[in-house]
Structures are given as C-alpha cells and as structure tokens.
C-alpha cells in the first residue's frame, strides 16, 4: 500500500504564473521551427505557426506524459531520503492525474473527448511536466510525523500540439505553476496534494478547451 499512497505527494498549486519561465534556448528553438510568440490568456508562453488553426479538431489524443524533477529538489523527510522507487511512483501518479483530469475536463465540455487513435480530426498533445519541486512531500513513514511548510512547490508544463495524422507541429506551450508562499506554516496532507495537482492540470485543460472553442467560433 505504501507505493500506492506515495503518488499522493505531488502537491502543486495553480495560483501564480511566472512571466519569466521560458529560456532563450526555448525561444530560439521555437524560431528555428517556424513558430512565433502568441498571447494566450492563462499561459506564460505560447509559440505557434503563423497559420495555426484548431478548427479542424474535435478530439484530443494525449501521448504518455513524462515527469522529471527539479535538479535542486533534494528532499529528506523524516525517516530518510526518498527512494528511486518512490520517485517513480510520484512520476506515475502525476502522469495519471494529467490524463484523468484532461479526460474529465474534455468530457465536461460536452464538445470534445480524449481518444487513443491519430485520426483526421484529432489534435495530438505531447506533454511533459518538468522541474517538479515539492517543498514538503507528505510521504508516509513509520511513526507519527507531520510535515509543515510555507510553500508547497511548483511544476512546469512543456507541451506540443501536433496534427495527429501527419505529426506536423502546430504550437508549443511553456507554463509554470507555482504555489505562493503562505504567511504561516501549514500542515500538508496527501488529499490536499492530489487536489492541488488536479487544479493545476484542470487550469491547463480549460485553456485548451477555450482555444478549441474559439477556433470553432463557439461562444459561451
């Protein structure tokens, strides 16, 4: 049961967007690929082809989600350091949250759904969670321990939108979700961790849905 519980530790809040989250290397790469910067509300940085058009897509395909930790994240909770197995469980748990929440949000829209086949009306999304950093991972250990922190953590989404049948690149997204520092120490729980991660992913899914709606001239 321990490994099943550990996946609950990915606590990340969707509250604050860091406008400086992209790098010059990412900008140069986008330019080399023929992408130009565009403004999309709710996202830090979006690069798209000048003729990008999402109106042909009514379904979404999500590739397996890759998750990697920040190089500066060196947790050592009570009971010892986090093991390689626990890290893998965190990655797998967060990847599942991304897929589940995207499916949920698309279904709730009543207009789009998540599919597994690259057919003609399918928008393919390749998403990575990078720089995952948790200030207080609530990993269960022997004995009674409580973890307190001023801030919970952050993660960066790097996603590519492609035409599913051809693989042609349409756009790239780079967005940082960071938990703001709280004015007091607070106890972190496993349920809070999962709920916060879901809120972050839901925010990203809602942006995608708004962009698809706009392309289809759907007004709400």
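Derivation of every value follows stated rules applied to the coordinates shown; laboratory data play no part. What you see is a predicted model, and the numbers here were worked out from it, not measured in a lab. FYI the Cβ positions are ideal-geometry reconstructions off the backbone, even for glycines, and counts take in every protein chain you see.
Computed packing ranks the peptides 57-63, 35-41 as 57-63, 35-41, most packed first, by mean other Cβ atoms within 10 Å.
One chain, two ends: residue 117 and residue 29. Fully extended at 0.36 nm per residue, the span grows by 28.8 nm beyond their Cα-Cα distance. A protection proxy built from the mean count of other Cβ atoms within 10 Å ranks the segments 121-132, 44-55, most packed first, as 121-132, 44-55.
Can you order the peptides 91-104, 199-212 by their average number of other Cβ atoms within 10 Å per residue, highest first?
Ranked by mean Cβ neighbours within 10 Å, highest first: 199-212, 91-104.
Calculated FRET efficiency, residue 168 to residue 71, Cβ-Cβ distance, R0 = 25 Å: about 0.15 to the nearest 0.05.
The modelled label-to-label distance for the pair residue 96/residue 83, using points 7 Å beyond Cα in the direction of Cβ, is 1.8 nm.
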